[in-house]
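Single-structure report; data block below.
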Amino acid sequence: MLRVPIIRKEYDRVRTGLRKRGYDDDALTILDHVLKYDDQRKQTQNELDELLSIRTQKSKNIGALIGQGKKEEAEALKTEVGVLKKSIEQLENQLRDAKEKLNDALLNIPNVPHELVPAGTKESDNELFKAWDGTMPQLDESALPHWELAKKYNIIDFEIGAKITGSGFPLYRGKGSKLQRALINFFLEEAGKQGYEEIIPPLMVNADSGMATGQLPDKEGQMYHVTADDLYLIPTAEVPITNIYRDTILNADEFPIKVTGYTPCFRREAGSYGAHVKGLNRVHQFDKVEIVRIEHPDHSYQVLDEMLAHVESLLQKLGLPYRILRLCGGDLGFTSAITYDFEVFSAAQKKWLEVSSVSNFETYQSNRMKLRFRNEAGKNQLAHTLNGSALALARIVAALLENYQKSDGIDIPEVLVPYTGFERIE
RNA sequence: GGAGAGUUGGCCGAGUGGUUUAAGGCGCACGCCUGGAAAGCGUGUUUCCCGAGAGGGAUCAAGGGUUCGAAUCCCUUACUCUCCGCCA
């Protein structure tokens, strides 16, 4: 979340930034509420500290008097301190109240967009950062969408998935399953070559973790909640991986921190319907390889570029037409300062599908999770967190199947053959 | 699931209601010593809030309670370890 001193000192910048997200004057009053609650907090804290100081002092005196055998004086002092108790209790309640209000307000303020982020509220306001300048796949008239191909070659079964669990939980089988595993391994190996440490994290997280990366409270309804144990199924590996570093003070020489992990991802996608959810376009469970970086604030934007280049190289190796969007303020995730979306062209559907989202959160997440490093001056400073999909599988599979289809089979991109062990799906 | 024992600073570890400071050790930083180093000696070393500073407050797993006063006593929760049960 945002730090109060920033809201105070850079008030105008914060307001301008939030306007890009569509905040009007009315919505912006939340900033003034923050300042008000913070003032209340400080004042109450000061008053309380003073009383506590007096209490401690007098209590020590009581101890000393008892030690000297001066019982009556001690008793008198006890009554005196007893009077303080009520005021202390009252101030403690006030303080708790002010902190709670302050925290609630802060939790509801999203990150301030980077200056490069275009203003806007609609998808069409996203900026085309990099257009596809190569050739588009030429498909026959008879080309099929991926859900038809999945059926034709018996590689993905949506109906059985729906029977076992529900719609949006596809079952991969045979070469479909092997292709899935090949892509996961390919992505992990490529990340490994770039120096990312591979991990396998827990697939369920507690509320603290969800809060730290910002899924809670903002996206409460988007996660599957296991109520019996109050745990959440992860919507992305970002959550468990970034939370490795929750409540941590790093040494500056521990940078760069580069972690990658494959996990299934679970999303309720409440409110989605129609053509958007056809086939693999939008599912409740999908596989994804995520890359996460924890960085010194001075380098995070250079690192963001590195991450973009990495994702781009994956798409190039897979031979998929792609474009890169710079998200507008309204489309930007709650916690993100800047986000680039990668979309691949799914040639039979004639649709661009989002397959990666690469973001710099600056200090928004690290402030929530108390992730700091000791800087050159020896002070503890918030680190920057970044992450990106590299890549999300389901839609990549959709595009691969559609774009590489021939009348009698589907070719496997050359780069994947060592991982699949076969060259065609027939 | 049952029973028991635990959780103290970067790490180890003492501390069963009060005598301004959570003992001591290790590690780390700086200084003295040295030709240089080691050893030795000295000083410093949790984090957060308020404050220009001096200083004040909080912090002994978390949250409540008892008390003039809680690391210490009581309650709840989480986690760790041991044993039993179940189990891939």
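If you go through the stretch A:73-88 one residue at a time, do you hit one that is closer than 30 Å to residue A:3 by Cβ and either surrounded by 14 or more Cβ atoms within 10 Å (Cβ to Cβ) or away from RNA strand B (no atom under 12 Å from the Cβ) (or both)? Even if it seems obvious, please write down each step before you answer.
Start the filter on the stretch A:73-88 by keeping residues that are closer than 30 Å to residue A:3 by Cβ, which leaves A:88.
With either surrounded by 14 or more Cβ atoms within 10 Å (Cβ to Cβ) or away from RNA strand B (no atom under 12 Å from the Cβ) (or both) added as a condition, the list becomes A:88.
Scanning the stretch A:73-88 turns up at least one residue that is closer than 30 Å to residue A:3 by Cβ and either surrounded by 14 or more Cβ atoms within 10 Å (Cβ to Cβ) or away from RNA strand B (no atom under 12 Å from the Cβ) (or both).
Would you check if residue A:50 is surrounded by fewer than 14 Cβ atoms within 10 Å (Cβ to Cβ) and in a loop (DSSP other than H, G, I, E, B)? Step through it out loud before you land on a result.
Values: surrounded by fewer than 14 Cβ atoms within 10 Å (Cβ to Cβ): yes; in a loop (DSSP other than H, G, I, E, B): no.
So residue A:50 fails the test.
Can you confirm whether residue A:95 is within 11 Å of RNA strand B (Cβ to nearest atom), within 24 Å of residue A:4 (Cβ to Cβ) and either touching a strand residue (DSSP E or B) at 6+ places or on another chain (Cβ under 8 Å) or open to solvent by less than 80 Å² (accessible area, probe 1.4 Å) (or both)?
Working: within 11 Å of RNA strand B (Cβ to nearest atom): yes; within 24 Å of residue A:4 (Cβ to Cβ): yes; either touching a strand residue (DSSP E or B) at 6+ places or on another chain (Cβ under 8 Å) or open to solvent by less than 80 Å² (accessible area, probe 1.4 Å) (or both): yes.
So residue A:95 fits the description; yes.
Table: residues versus (1) closer than 24 Å to residue A:362 by Cα; (2) assigned to a loop (DSSP other than H, G, I, E, B); (3) without any contact (Cβ under 8 Å) to a residue 24 or more places away in the chain.
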| position | (1), (2), (3) |
| --- | --- |
| A:262 | yes, no, no |
| A:271 | no, yes, yes |
| A:289 | yes, no, no |
| A:316 | no, no, yes |
| A:333 | yes, yes, no |
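Tell me whether the stretch A:363-384 contains one or more residues that are within 25 Å of residue A:182 (Cβ to Cβ) and polar (S, T, N, Q). Reasoning before the result, please.
Just the residues of the stretch A:363-384 that are within 25 Å of residue A:182 (Cβ to Cβ), to begin with: none.
There is no residue in the stretch A:363-384 that is within 25 Å of residue A:182 (Cβ to Cβ) and polar (S, T, N, Q).
Select from the stretch A:405-422 the residues that are surrounded by fewer than 16 Cβ atoms within 10 Å (Cβ to Cβ) and under 12 Å from residue A:178 (Cβ atoms) and list them in ascending order.
Result: A:417, A:421, A:422.
Out of A:61, A:103, which single residue is of a type in the set (S, T, N, Q) and under 30 Å from residue A:1 (Cα atoms)?
Details: A:61 fails: under 30 Å from residue A:1 (Cα atoms).
The conditions single out A:103.
Given the condition in contact (Cβ under 8 Å) with a residue 24 or more places away in the chain and more than 30 Å from residue A:329 (Cβ to Cβ), answer yes or no: does some residue in the stretch A:28-40 qualify? If you could, list the steps in order and put the result at the bottom.
Taking the stretch A:28-40 first, the residues in contact (Cβ under 8 Å) with a residue 24 or more places away in the chain are A:30-31, A:33-35, A:37-38, A:40.
Then keep just the ones that are more than 30 Å from residue A:329 (Cβ to Cβ); that gives A:40.
The answer is yes; a qualifying residue exists.
If residue A:269 passes every condition in (1) of a type outside the set (Phe, Trp, Tyr); (2) open to solvent by 20 Å² or more (accessible area, probe 1.4 Å); (3) modelled with pLDDT of 95 or more but one, which one does it miss?
It is condition (3) that residue A:269 fails.
Inside the stretch A:109-154, can you point out the residues that are basic (Lys, Arg) and either touching a helix residue (DSSP H, G or I) at 6+ places or on another chain (Cβ under 9 Å) or open to solvent by less than 50 Å² (accessible area, probe 1.4 Å) (or both)?
Kept after step one, since they are basic (Lys, Arg), are these residues of the stretch A:109-154: A:122, A:130, A:151-152.
A:130, A:151, listed by residue number.
The values are calculated or read from the model by the stated rules, or taken from the named source; none is laboratory data. Predicted model only: the values in this text are computed from it and were never measured. Reconstructed Cβ throughout: ideal geometry from the backbone, glycine too, with neighbour counts over all protein chains shown. Quick note on the areas: whole protein, heavy atoms, side chains included, nothing else; ligands and nucleic acids left out. Shrake-Rupley method; radii C 1.70, N 1.55, O 1.52, S 1.80 Å.
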